[in-house]
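Have a look at the structure below, then the notes.
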Amino acid sequence: MAKLVATLASTHHPFYLKATTAPKEKQIPQAAEWKRKVEAYRETLTAAKPDILVMVGSDHFHQFFLDNYPTFLIGKAPRYDATFYNEEREFGIPKYVLEGHEDFSRFMHEGLMEEGFDFAVSHELKIDHSIICPIITVRPDADLPVVPIYTNIFVPPLASVKRFWNLGRAIRKVLEAWPSDKRVAAIGTGHLSLELGGPRQFGPSGPDPEFDRKAVAWLANGDIEAIFENVTLESMVQSGNATQGFLNMILMMGVAGPVKADYADTLDLYHTMEAYFTWYPDGEKPARVANARVEETV
């Protein structure tokens, strides 16, 4: 059977590449630290030696809009074009073509249906920065096949917190039932507190630093009960109009299970907190991966 070798959950900041490759005199003050943290995080995936990546993200109204936005969708294509024009123009993200894995996508689709998740499917999916950002940060060579999964974190009605958690548990179950000797890593991105286009967008930190502090601790400690007790679709909106991206972080913790993260790190930027988590199954952390847990936030 296939082996889950690592689960990664992070924020996806579209300006990372541009911010860290600009001429020194044009870089933001945090650029060097940001690059160092991302490269350390990258090692948590490299050390796991995956063969295939299950990638969880959300379309930022590039292909789906208010009139047609699937709750959950899986790609079943042999390859995936990536990066839309506005992402090239605004963020400096280059175009990519990612290899797919049709057999694994088919198995995942059928298995998740059996687990009670009625996925939409696309054979022509083009992916945006919710998946390309983690490719840039943790697998910049883009040399592994991917199975992309999209979730709806934008268009009401949204699936519940528990539904996202349960989907993560189902992904883990189906993944490990795949009759293959492949090593699979699951990577998903979302947000902590985040405001887009609202009055709290450009503050000195994320719009709700208290939520960010608690969210990092919940994820780092695998405390799903605290999430169930404190996080609702309504409360996330109060923390910032795009904070529902935290649902994808919950989904990834569902893949990992209610266990402490083997790696947790954060970086507070001027309008958002970046966060990076890695879980290894059964505590099988590769020896060369240092634990960068951020004590003051955890």
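The values are calculated or read from the model by the stated rules, or taken from the named source; none is laboratory data. A quick note: this is a predicted structure, and the numbers were derived from the prediction, not measured. Neighbour counts run over all protein chains shown; Cβ positions are idealised from the backbone, glycine included.
List pairs: first residue in segment 166-184 and surrounded by 15 or more Cβ atoms within 10 Å (Cβ to Cβ), second residue among the basic types (K, R) anywhere in the structure, Cβ distance under 8 angstrom, at least six positions apart or on different chains.
So the pair list comes out as K182/K3; R183/K3; R183/K49; V184/K3.
Could you list, in sequence order, the residues of segment 186-216 that are within 13 Å of F277 (Cβ to Cβ) and either touching a helix residue (DSSP H, G or I) at 6+ places or on another chain (Cβ under 8 Å) or without any contact (Cβ under 8 Å) to a residue 60 or more places away in the chain (or both)?
Those that are within 13 Å of F277 (Cβ to Cβ) and either touching a helix residue (DSSP H, G or I) at 6+ places or on another chain (Cβ under 8 Å) or without any contact (Cβ under 8 Å) to a residue 60 or more places away in the chain (or both): A186, I187, G188, T189, G190, L192, A215.
Residues are listed down the side, and each one gets a yes or a no for (1) surrounded by fewer than 22 Cβ atoms within 10 Å (Cβ to Cβ); (2) touching a Leu at 6+ places or on another chain (Cβ under 7 Å); (3) at pLDDT 95 or above; (4) not small (G, A, S):
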{"position": "G206", "(1), (2), (3), (4)": "no, yes, no, no"}
{"position": "G222", "(1), (2), (3), (4)": "yes, no, yes, no"}
{"position": "T272", "(1), (2), (3), (4)": "no, yes, no, yes"}
{"position": "A275", "(1), (2), (3), (4)": "no, yes, yes, no"}
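Pick out the one residue from A215, A287, A256 that is out of contact with any Ser or Thr (no Cβ under 7 Å at 6 or more places or on another chain) and buried (at least 19 other Cβ atoms within 10 Å of the Cβ).
Every option except A215 fails the conditions.
Every residue in segment 53-64 that is in contact with a Lys or Arg (Cβ under 8 Å, 6 or more places away or on another chain) and not in a loop (DSSP other than H, G, I, E, B), please.
Scanning segment 53-64 gives a single hit, L53.
Report yes if some residue within segment 10-27 is at pLDDT 95 or above and touching a strand residue (DSSP E or B) at 6+ places or on another chain (Cβ under 6 Å); otherwise report no.
Yes, some residue in segment 10-27 is at pLDDT 95 or above and touching a strand residue (DSSP E or B) at 6+ places or on another chain (Cβ under 6 Å).
Can you tell me which residue within segment 111-166, out of those that are more than 14 Å from the chain's Cα centre (by Cα) and assigned to a helix (DSSP H, G or I), is farthest from K35 (Cα to Cα)?
The residue in question is E114.
Answer yes or no as to whether E229 is within 30 Å of E176 (Cα to Cα) and of a type in the set (D, E, K, R).
yes
Could you run through segment 48-71 and say how many residues are surrounded by fewer than 17 Cβ atoms within 10 Å (Cβ to Cβ) and among the aliphatic types (A, V, I, L, M)?
Here the count works out to 1.
For segment 81-115, what are the residues that are of a type in the set (S, T, Y), over 16 Å from S130 (Cβ atoms) and in contact (Cβ under 8 Å) with a residue 40 or more places away in the chain?
In the first step, residues of segment 81-115 are kept if they are of a type in the set (S, T, Y); the result is 83, 85, 96, 105.
Filter once more, so that each one left must be over 16 Å from S130 (Cβ atoms): 85, 105.
Within segment 81-115, S105 is the sole residue that qualifies.
I need the full set of residues from segment 228-241 which are under 17 Å from A9 (Cβ atoms) and crowded, with 24+ Cβ neighbours inside 10 Å, in order please.
M236
Quick check on segment 64-71. Is at least one of its residues in contact with a helix residue (DSSP H, G or I) (Cβ under 8 Å, 6 or more places away or on another chain) and touching a residue at least 12 places away in the same chain (Cβ under 8 Å)?
Checking segment 64-71: not a single residue is in contact with a helix residue (DSSP H, G or I) (Cβ under 8 Å, 6 or more places away or on another chain) and touching a residue at least 12 places away in the same chain (Cβ under 8 Å).
Considering only segment 190-283, give the helices (runs of 4 or more DSSP H) lying wholly within it that have at least 1 residues that are in contact with a Gly (Cβ under 6 Å, 6 or more places away or on another chain).
209-221, 246-256
Within segment 65-106, track down each residue that is in a loop (DSSP other than H, G, I, E, B), at pLDDT below 95 and in contact with a Pro (Cβ under 7 Å, 6 or more places away or on another chain).
Listed by number, the residues that qualify are T83, I93.
Only residues that are within 27 Å of A185 (Cα to Cα), part of a helix (DSSP H, G or I) and either in contact with a Gly (Cβ under 9 Å, 6 or more places away or on another chain) or of a type in the set (G, A, S) (or both): list them for segment 22-51, please.
Result: A40, single match.
Would you confirm, using the coordinates I've provided, whether S193 is on the phi < 0 side of the Ramachandran plot, within 19 Å of the chain's Cα centre (by Cα) and among the hydroxyl-bearing types (S, T, Y)?
So S193 fits the description; yes.
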